[in-house]
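Since the structure comes first, as structure tokens, the remarks are kept for the end.
The values are calculated or read from the model by the stated rules, or taken from the named source; none is laboratory data. Being a predicted model, the structure only gives us computed values, none of them experimental. Ideal geometry is used to build each Cβ from the backbone, glycine not excepted, and the neighbour counts take in all protein chains shown. Note: accessible area is taken over every heavy atom of the protein model, side chains too, but ligands, DNA and RNA are not part of it. Shrake-Rupley method; radii C 1.70, N 1.55, O 1.52, S 1.80 Å.
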Amino acid sequence: MKLINYKPPKWFFGHKLAQKFLHRQKVPTKFIKLLDQEDTQIQKLDYKIKNTKYEIYIKRDDQTHRDIHLQGNKLRKLEFLFAEALSQNAKHILTAGGLQSNHCRAVAAVSKLFNLDSHLFLRSNTNDPSKLNINGNLLINFLLDSKIYLIEKRAQYLSDIEYKMKILKDKIKQNLGEESYIIPIGGSNTIGLFGYIEQFNEMIDKQNIDEFISDIIVTSGSGGTMSGLAIANYMTGSKFKIHSFCVCDNSNYFYNHLEKEFQNLFGSDTGVDTRNFVNIIQCSRGLGYAKSTQDELNFLVDFFRQTNVLLDPVYTGKTMYSLVNLLNDEKPTSDYFNDPNAENFVSNLKGNRILFIHTGGQLGNFDVDKFSEFSLCKTKSNVFNCFGDNVFNIRP
Ligand SMILES: Cc1ncc(COP(=O)(O)O)c(C=O)c1O
């Protein structure tokens, strides 16, 4: 795999905003092709919602790669971030996230492709390695031989985590004489967001979604995916309405993240109000990051059985759960009452043809703690003992 020269789509440089204000040094100049196909499929969903006037389509960014450990939205961001890491001759990649972070697992997987060492700072409830359950994404990190650094659940990125990553970077330089490259949580910086500028271009250029889609739904965890899509949509004439459902923090946090990224690219004198780029829903957070209710898990299972599409419990499952509830005029979570954008969601839709971006994360379903409370897993009423002579249990 080699470094390829990168130029953003024509509409990006052609836009009057770019011609007047663009900070060219912020635009990546290289990328590496990590996706193993030209574009990810868009399918019409066969899922029955009460309010039948809506059509839901799904963009399969969970299938950015045929290998399970590489899949998901992060691969698109890593095409740009790893290009920069390799250009800087990095031998070590440092990043951070939750214990079951899809992003960290994708970083571990791509590092292995390039024979780089991955160092993952993971927020954990315990500082005792013997108490860790090794499953889901964390298991893949173990199989790939990543180094894992446990940090407090509440650790702040800038003050605690980045600070520790920089200490590690310095120690690697001092002790091994090798370079390290730090990727922020979720790969959500200005370089990473070009993954979703390109994804947007794929959807309008190759898949002509403007002919059949009115609204785009995307999950936000660190905000990079939504920022790329929102900036691209604005620069191509706002053909769609973008709705971002957050699974942590709150809507203000993500509005600010988008504004910061926009200003990184174009400065603060454009007079453009990025608040109009996206409609952010926060009631999808539910009980909080990576915490699920029975209802959300039941929905995920029901959705899987009806559509054959497996969502994930932390990101896409919560988003689809909230989306379907809102379309059906139901209140997904008690947070609904603190979220005016949720109350006005239906009236804010541009039309009735909705594209849901499936950003992946299915390995999160293999976090065994997650489904232990799901009723079928608890009662095991679909399991029959047929050991030895025990044949009376054999029945349809
Ligand atoms: C499966 C999945 N979907 C969506 C997201 C959200 O993407 P972003 O971090 O760019 O907001 C993430 C990561 O946070 C993820 O792992």
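All of K2, K7 fail the test of being farther than 20 Å from I231 by Cβ and either part of a loop (DSSP other than H, G, I, E, B) or modelled with pLDDT under 95 (or both), apart from K2. From the list H65, H92, the lone residue that is under 30 Å from I354 (Cα atoms) and either more than 17 Å from the chain's Cα centre (by Cα) or not hydroxyl-bearing (S, T, Y) (or both) is H65.
Does R305 fit the bill of being open to solvent by 10 Å² or more (accessible area, probe 1.4 Å), in contact with a strand residue (DSSP E or B) (Cβ under 6 Å, 6 or more places away or on another chain) and farther than 21 Å from Y255 by Cα?
Spelling it out, it is not the case that R305 is open to solvent by 10 Å² or more (accessible area, probe 1.4 Å), in contact with a strand residue (DSSP E or B) (Cβ under 6 Å, 6 or more places away or on another chain) and farther than 21 Å from Y255 by Cα.
Here the condition is being over 22 Å from N51 (Cα atoms) and open to solvent by less than 60 Å² (accessible area, probe 1.4 Å); of L326, L355, L376, L349, it holds for L376 alone. Within the set S222, S227, S268, S292, the sole residue that is over 27 Å from Q100 (Cα atoms), out of contact with any strand residue (DSSP E or B) (no Cβ under 7 Å at 6 or more places or on another chain) and among the hydroxyl-bearing types (S, T, Y) turns out to be S268. Taking the conditions (1) assigned to a helix (DSSP H, G or I); (2) surrounded by 13 or more Cβ atoms within 10 Å (Cβ to Cβ); (3) at pLDDT 95 or above in turn, D295 satisfies each one other than (3).
Scanning region 41-72 for residues that are farther than 30 Å from I191 by Cβ and not in a strand (DSSP E or B) returns L45, D46, Y47, K48, I49, K50, N51, T52, K53, Y54.
The helices (runs of 4 or more DSSP H) located wholly in region 323-395 that include 3 or more residues which are within 28 Å of the chain's Cα centre (by Cα) and under 30 Å from L75 (Cα atoms) occupy 368-371. In the set (1) modelled with pLDDT of 95 or more; (2) of a type in the set (S, T, Y); (3) within 16 Å of the ligand (Cβ to nearest atom), S347 fails one condition alone, (3). For region 311-370, filtering for residues that are in contact with a helix residue (DSSP H, G or I) (Cβ under 7 Å, 6 or more places away or on another chain), under 28 Å from I209 (Cα atoms) and aromatic (F, W, Y) leaves 3. Are any of the residues in region 18-40 hydroxyl-bearing (S, T, Y), in a loop (DSSP other than H, G, I, E, B) and crowded, with 18+ Cβ neighbours inside 10 Å? Checking region 18-40: at least one residue is hydroxyl-bearing (S, T, Y), in a loop (DSSP other than H, G, I, E, B) and crowded, with 18+ Cβ neighbours inside 10 Å. Yes or no: D269 over 26 Å from A342 (Cα atoms), over 17 Å from the mean Cα position of the chain (by Cα) and away from the ligand (no atom under 14 Å from the Cβ)? Against the criterion (over 26 Å from A342 (Cα atoms), over 17 Å from the mean Cα position of the chain (by Cα) and away from the ligand (no atom under 14 Å from the Cβ)), D269 qualifies.
Within region 197-221, the only residue that satisfies the criterion of being of a type in the set (G, A, S) and away from the ligand (no atom under 16 Å from the Cβ) is S214. Residues that are open to solvent by less than 10 Å² (accessible area, probe 1.4 Å), within 13 Å of the ligand (Cβ to nearest atom) and touching a Leu at 6+ places or on another chain (Cβ under 9 Å) within region 81-99 comprise T95, A96, G97, listed in sequence order.
Within region 224-241, residues that are under 22 Å from G187 (Cα atoms) sit with their Cβ atoms under 7 Å from residues that are acidic (D, E) and within 16 Å of the ligand (Cβ to nearest atom), at 6+ positions apart or across chains, in these pairs: S227/E261.
Restricting the first member to region 75-97 and to residues that are farther than 28 Å from E38 by Cβ, and the second to residues that are part of a strand (DSSP E or B) and of a type in the set (K, R), the beta-carbon pairs closer than 8 Å and six or more apart or on different chains are A96/R123; G97/R123. The single condition from (1) within 19 Å of I209 (Cβ to Cβ); (2) under 19 Å from the mean Cα position of the chain (by Cα); (3) open to solvent by 50 Å² or more (accessible area, probe 1.4 Å) that I58 fails is (3). Listed by position, the helices (runs of 4 or more DSSP H) contained in region 114-232 that have at least 1 residues being assigned by TED's automatic domain parsing to the domain that holds A83 and open to solvent by 20 Å² or more (accessible area, probe 1.4 Å) are 136-143, 162-176.
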